[in-house]
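Here is the structure we will look at.
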Amino acid sequence: MAQTSADEIRNVLGRYSVAVDDRDFETVGRVFAVDAVASYSGLTIPRGREHIVDHIRGISRTVVSQHYLTPIIVEVDGDSAYSMSYGMAVLIQEQGGETRSVARGLRYEDRWRRSDAEGWQIVDRLHTAAWTWDLPALVDPGAMWEVKPADDAATIFRTLRPEDVA
């Protein structure tokens, strides 16, 4: 089944999220047009793909991250398009000897351009944050529940590491 332009744009956004989390900045760069502009939470990035990728490269200072986008609304007009998506970015960071989970509720508004050589690319991005949290985090939390809990009243949602289960 052939993909529509809207499907192609959704796939590019999905690849972008995974590439940011994988620290694959070459793929991140291909998402943006060479002459793209972007604003991240009020910070205007100098024009150009290289500057945008340099800004995003700051994610490397985190231990791990996960980006989620949904819903993704796409409106296509020939070789131009607009998309809006809500998202959440969860960043695990080391701060003062403590592991922290910093998350932000995001909104992305993107203007797109399609070319034969590059496909769909963002030419203008507006990123805004609506909320944030900063909480202690446990990295590599293990299983979500015990198969046979000792206490029938125990909640199934808890952290179990291999050393906790004999």
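Going by the structure shown, is Leu160 surrounded by fewer than 17 Cβ atoms within 10 Å (Cβ to Cβ), within 28 Å of Gly42 (Cβ to Cβ) and at pLDDT below 95?
Numbers: surrounded by fewer than 17 Cβ atoms within 10 Å (Cβ to Cβ): yes; within 28 Å of Gly42 (Cβ to Cβ): no; at pLDDT below 95: yes.
So Leu160 does not fit the description; no.
Quick check on segment 125-140. Is at least one of its residues modelled with pLDDT under 95, of a type in the set (D, E, K, R) and in a loop (DSSP other than H, G, I, E, B)?
Looking through segment 125-140, at least one residue is modelled with pLDDT under 95, of a type in the set (D, E, K, R) and in a loop (DSSP other than H, G, I, E, B).
Kindly check whether there is at least one residue in segment 24-32 that is closer than 25 Å to Ala137 by Cβ, outside any strand (DSSP E or B) and among the small types (Gly, Ala, Ser). Spell out how you get there, then give the answer.
Residues of segment 24-32 that are closer than 25 Å to Ala137 by Cβ, as a first pass: 24-25, 28.
Narrowing further to those that are outside any strand (DSSP E or B): 24-25, 28.
Cutting the leftovers down to among the small types (Gly, Ala, Ser) gives us none.
Within segment 24-32, none of the residues are closer than 25 Å to Ala137 by Cβ, outside any strand (DSSP E or B) and among the small types (Gly, Ala, Ser).
Which condition from (1) closer than 28 Å to Leu138 by Cα; (2) in contact with an Asp or Glu (Cβ under 9 Å, 6 or more places away or on another chain) is the one that His55 breaks?
Here His55 clears every test but (2).
Considering only residues that are over 20 Å from the mean Cα position of the chain (by Cα), more than 12 Å from Pro136 (Cβ to Cβ) and in contact (Cβ under 8 Å) with a residue 12 or more places away in the chain, which ones fall in segment 88-117?
Arg113, Arg114, Ser115
If a residue has to be surrounded by fewer than 16 Cβ atoms within 10 Å (Cβ to Cβ) and in contact with a strand residue (DSSP E or B) (Cβ under 6 Å, 6 or more places away or on another chain) to count, how many in segment 102-125 make the cut?
3
Within segment 1-59, how many residues are exposed (fewer than 13 other Cβ atoms within 10 Å of the Cβ) and in contact with a Lys or Arg (Cβ under 6 Å, 6 or more places away or on another chain)?
1
The values are calculated or read from the model by the stated rules, or taken from the named source; none is laboratory data. Everything quoted here is computed from the prediction, not taken from an experiment. All Cβ positions, glycine included, derive from the backbone under ideal geometry; neighbour counts span all protein chains shown.
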